[in-house]
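Encoded as structure tokens, the structure appears first; notes follow it.
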Amino acid sequence: MFAFGQAPSGVAAEWDISRTVETLSAQAKRLKPILDQLTPQEWISKGAPAAYVPQWRSAEDELGFLIDSASALEKQPDRLTAVLDTYFRFQSLETRLQSLIEGVRKYQNPAVGDLMLGVLGENSSNRDKLRQYITELAATKEKEFQIMDQEAQRCRGTLNRQPSLPKKKPEQKPNE
């Protein structure tokens with residue numbers, strides 16, 4: 001077993017991944033003021049597809065979801081579901097922003113698009129660390145499950161090898 005606060009071999013320590021998630025969240029929060037200055041409704045008059053408006057709203061929502069997910073992960077860094085949620089939220093945000101960046105460059109201001117791309121790029125190393133942590137944590141959880149399963153099988157075997165208790169003979173009623 002592991003000592004309290006000690007990470008299993010092969011998995012980043014909780015404080016390391018918490019620091020990574022904290023940095024990822026802080027850098028993601030830098031996107032909020034940039035998204036707030038986008039005006040996709042005005043792009044339509046410049047020939048942009050109306051689809052940019054819901055895409056922009058969706059990106060704002062996804063940013064909020066990512067920040068919430070990262071906060072939950074900071075509190076429970078050993079939960080595989082929390083790590084996966086944060087990672088997939090980040091990927092989703094990246095995908096939404098890539099399309100928006102094209103619209104920003106074409107219909108609003110190329111420099112703002114470049115700024116968004118730069119902020120996203122700053123988080124790429126954190127995304128990679130998170131992906132590596134997912135792989136390591138999943139492998140550790142698999143190993144833990146395998147050990148628990150083997151131990152359960154061993155216990156079942158031990159119980160099955162124990163002799164069964166002799167059956168009690170039914171009590172005979174005294175002849176009256």
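Computed from the coordinates by the stated procedures, all read-outs in this text should not be read as laboratory data. For clarity, every value in this text was computed on a predicted model and none was experimentally measured. Cβ: placed from backbone, ideal geometry, glycine included. Neighbour counts: every protein chain shown.
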Subject >> Value of relative contact order over region 37-88, rounded to a whole percent, pairs C-alpha under 8 Å and six or more apart >> reply: 22
**OP:** Please arrange 90, 145, 65 by counting, for each residue, the other beta carbons lying within 10 Å of its beta carbon, fewest first.
**Re:** 145, 65, 90
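Can you give the helix-only mean residue ellipticity at 222 nm for the chain, where every DSSP H stretch with n ≥ 4 adds -39500 (n - 2.57) and the sum goes over all residues, rounded to the nearest 500 deg cm²/dmol? Don't skip to the end; give the middle numbers.
On the way: 7 runs with 129 residues, N = 176.
About -25000 deg cm²/dmol.
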Subject >> Length-normalised contact order of the chain in % [C-alpha pairs under 8 Å, at least 6 apart] >> reply: 28
Original post:
Just one of (i) 184; (ii) 204; (iii) 111 is volume of the Cα convex hull per residue in Å³ calculated from these coordinates, so which is it?
Top reply: (ii)
Original post:
Hey, quick one: spin label on residue 94, modelled 7 Å out along Cα-Cβ, who in region 115-156 has an amide N within reach, i.e. under 17 Å?
Top reply: 116-136
**OP:** Return the sequence-ordered ³J(HN,Hα) values of region 52-65 in whole Hz as given by the Karplus equation 6.51 cos²θ - 1.76 cosθ + 1.60 applied to θ = phi - 60°, using x for Gly and Pro.
**Re:** 5, 5, x, 5, 5, 4, 5, 5, 4, 4, 5, 4, x, 5
Subject >> Under Karplus coefficients 6.51, -1.76 and 1.60, residue-wise ³J(HN,Hα) of region 98-105 in Hz, glycine/proline x >> reply: 4, 5, 4, 4, 4, x, 4, 4
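Relative to the Cα centre, what is the charge dipole magnitude of region 14-133, using +1 at the beta carbon of each Lys and Arg, -1 at the beta carbon of each Asp and Glu, and rounding to the nearest 20 debye? Walk me through the intermediate numbers first.
Working: 15 positive and 17 negative charges, 49 e Å.
Dipole magnitude for region 14-133 comes out near 240 debye.
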Subject >> HN-Hα J in Hz across region 107-115 - Karplus 6.51, -1.76, 1.60, θ = phi - 60°, x for Gly and Pro >> reply: 10, 10, 7, x, 5, 5, x, 5, 4
